[in-house]
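Comments concern the structure below.
The values are calculated or read from the model by the stated rules, or taken from the named source; none is laboratory data. Since the structure is predicted, the reported quantities are computational estimates derived from the model, not experimental observations. Using ideal geometry, Cβ is built from the backbone for each residue, glycine included, and neighbour counts are taken over all protein chains shown.
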Amino acid sequence: MGRLTFYLPVAGFLALALLLWRGLFLDPKELPSMLIDKPMPQFQLRTVDGEAVTNANLPEQIFLLNVWGSYCLPCLVEHPTFMRLSEDGSIPVVGVNYKDQSELAKSWLETNGNPFAFSIEDANGRFGIDLGVYGAPETYLVDAEGVIRYRHVSVLDETVWAEEFLPAIAELQAESR
Amino acid sequence: MSLTTSFNSPRTLALWILMLAAFVSAEPAVHAQVDTFEFQTVEQQQRFRQLSDELRCPMCQNTNLTGSSGGVAEDLRREIHRMILEGMTNSEIEQFMFERYGDFIFYKPRLRMETLFLWFGPLIFLLIGGAAAIAVSRKAGRTAQKSPELDNAQREKLQAILKAKG
């Protein structure tokens, strides 16, 4: 009995300390997405180039959906990664040009290169709300059935690609086999 | 010119005090938003105020939609305005926000399986603390009561000692 009354509070304290210690390393800026394992929201919009685009135009394979804007500096940081991915044909990338002006978006793509199969123009941010976007850049991993499987907030560089996206993609491929 | 030299006449001093008073009494700008939404009724306008006060801006972490000038907050206010005009109820609008931004959007999270610990965790800690406090004070009470009572053998021994001394 005497031992229990000593060790029980100590164990309780250690458990709480561990929980709070872990909490110190959580990023409060990374909100969990509500759309994981849900289909991409329906849209009927135009691309930056002015062509009509709907869900039917999305790739029928695993692809990335990258939310970007010409005003967004971190987007420029992650841009080389998307250029490499599209150049070596690793994965198709679809852009969402979020709260931007199409003229600025077009000249941004011209200057820096265009890694996107196409960029959906979301000038007023309404499609972004359906996605649960709260600021560029954000990147979604979408499977062949058009279901969102993973979300990464902020810059997707080669490290994030290798450590987060490659395992997630491998998991999706194993699943469909 | 230093500050002290500007107070050299009572008139300049009075002017300074007047300016200071005007500055202090000026109404602080409470609402950071500048957009002007039009409503059909006062009730709709009040609901808009209430909702954008109670919903949290997902981008700027610790401001509500009213106080935030962030891009997404502006868009969400516009959506709230649209939904109110379309005749959606407050709980429908809150559900719309929840489906997209999750519990984070609420300053007062909904009572769900995932938020049970958040709501009742403090109560559990209070109960544990309370139980511990009661257990400790009971134990202390028991030991305190025990000491003055002597059994018959001890009483006889005490009498013997007292007699011998007396």
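Filter region B:52-79 down to the residues that are more than 10 Å from chain A (Cβ to nearest Cβ) and in contact with a strand residue (DSSP E or B) (Cβ under 8 Å, 6 or more places away or on another chain) and list them by number.
Passing the criteria: B:Ser52, B:Asp53, B:Glu54, B:Leu55, B:Arg56, B:Thr63, B:Asn64, B:Leu65.
Can you name every residue in region B:51-81 that is in a loop (DSSP other than H, G, I, E, B) and surrounded by fewer than 22 Cβ atoms within 10 Å (Cβ to Cβ)?
B:Met59, B:Cys60, B:Gln61, B:Asn62, B:Thr63, B:Thr66, B:Gly67, B:Ser69, B:Gly70
Got a sec? Which of B:Phe48, B:Phe106 is surrounded by 11 or more Cβ atoms within 10 Å (Cβ to Cβ), under 30 Å from A:Gly23 (Cβ atoms), at pLDDT 90 or above and out of contact with any Pro (no Cβ under 9 Å at 6 or more places or on another chain)?
B:Phe106
Could you check region B:116-165 and list, in sequence order, the residues that are of a type in the set (Val, Ile, Thr) and either within 30 Å of A:Gly12 (Cβ to Cβ) or not in a helix (DSSP H, G or I) (or both)?
B:Ile124, B:Ile128, B:Ile134, B:Val136, B:Thr143
State which residue pairs qualify: first residue touching a residue at least 24 places away in the same chain (Cβ under 8 Å) and inside region A:155-177, second residue of a type in the set (D, E, K, R) in any location, beta carbons under 7 Å apart, and separation of 6 or more residues or different chains.
A:Val155/A:Glu78; A:Leu156/A:Glu78; A:Asp157/A:Glu78; A:Ala168/A:Arg149; A:Leu172/A:Asp143; A:Leu172/A:Arg149
Inside region A:67-86, can you point out the residues that are closer than 16 Å to A:Asn124 by Cβ and surrounded by fewer than 18 Cβ atoms within 10 Å (Cβ to Cβ)?
A:Tyr71 - this is the single residue of region A:67-86 that is closer than 16 Å to A:Asn124 by Cβ and surrounded by fewer than 18 Cβ atoms within 10 Å (Cβ to Cβ).
Would you point out which residue out of A:Gly125, A:Gly132, A:Gly89, A:Gly113 is modelled with pLDDT under 95, away from chain B (no Cβ under 14 Å) and either in contact with a helix residue (DSSP H, G or I) (Cβ under 9 Å, 6 or more places away or on another chain) or surrounded by fewer than 22 Cβ atoms within 10 Å (Cβ to Cβ) (or both)?
That would be A:Gly89, the only listed residue that is modelled with pLDDT under 95, away from chain B (no Cβ under 14 Å) and either in contact with a helix residue (DSSP H, G or I) (Cβ under 9 Å, 6 or more places away or on another chain) or surrounded by fewer than 22 Cβ atoms within 10 Å (Cβ to Cβ) (or both).
Give A:Pro74, A:Pro9 a once-over and let me know the one that is within 13 Å of another protein chain (Cβ to nearest Cβ) and not hydrophobic (A, V, I, L, M, F, W, C). If you could, list the steps in order and put the result at the bottom.
Details: A:Pro74 fails: within 13 Å of another protein chain (Cβ to nearest Cβ).
None of the others qualify; the one that does is A:Pro9.
Assess whether B:Leu111 counts as being assigned to a loop (DSSP other than H, G, I, E, B), out of contact with any Cys (no Cβ under 8 Å at 6 or more places or on another chain) and more than 10 Å from chain A (Cβ to nearest Cβ).
Criteria met by B:Leu111.
Which of the following residues is part of a loop (DSSP other than H, G, I, E, B), on the phi < 0 side of the Ramachandran plot, within 14 Å of chain B (Cβ to nearest Cβ) and among the acidic types (Asp, Glu): A:Asp37, A:Asp49, A:Asp27?
Matching residue, one of A:Asp37, A:Asp49, A:Asp27: A:Asp27.
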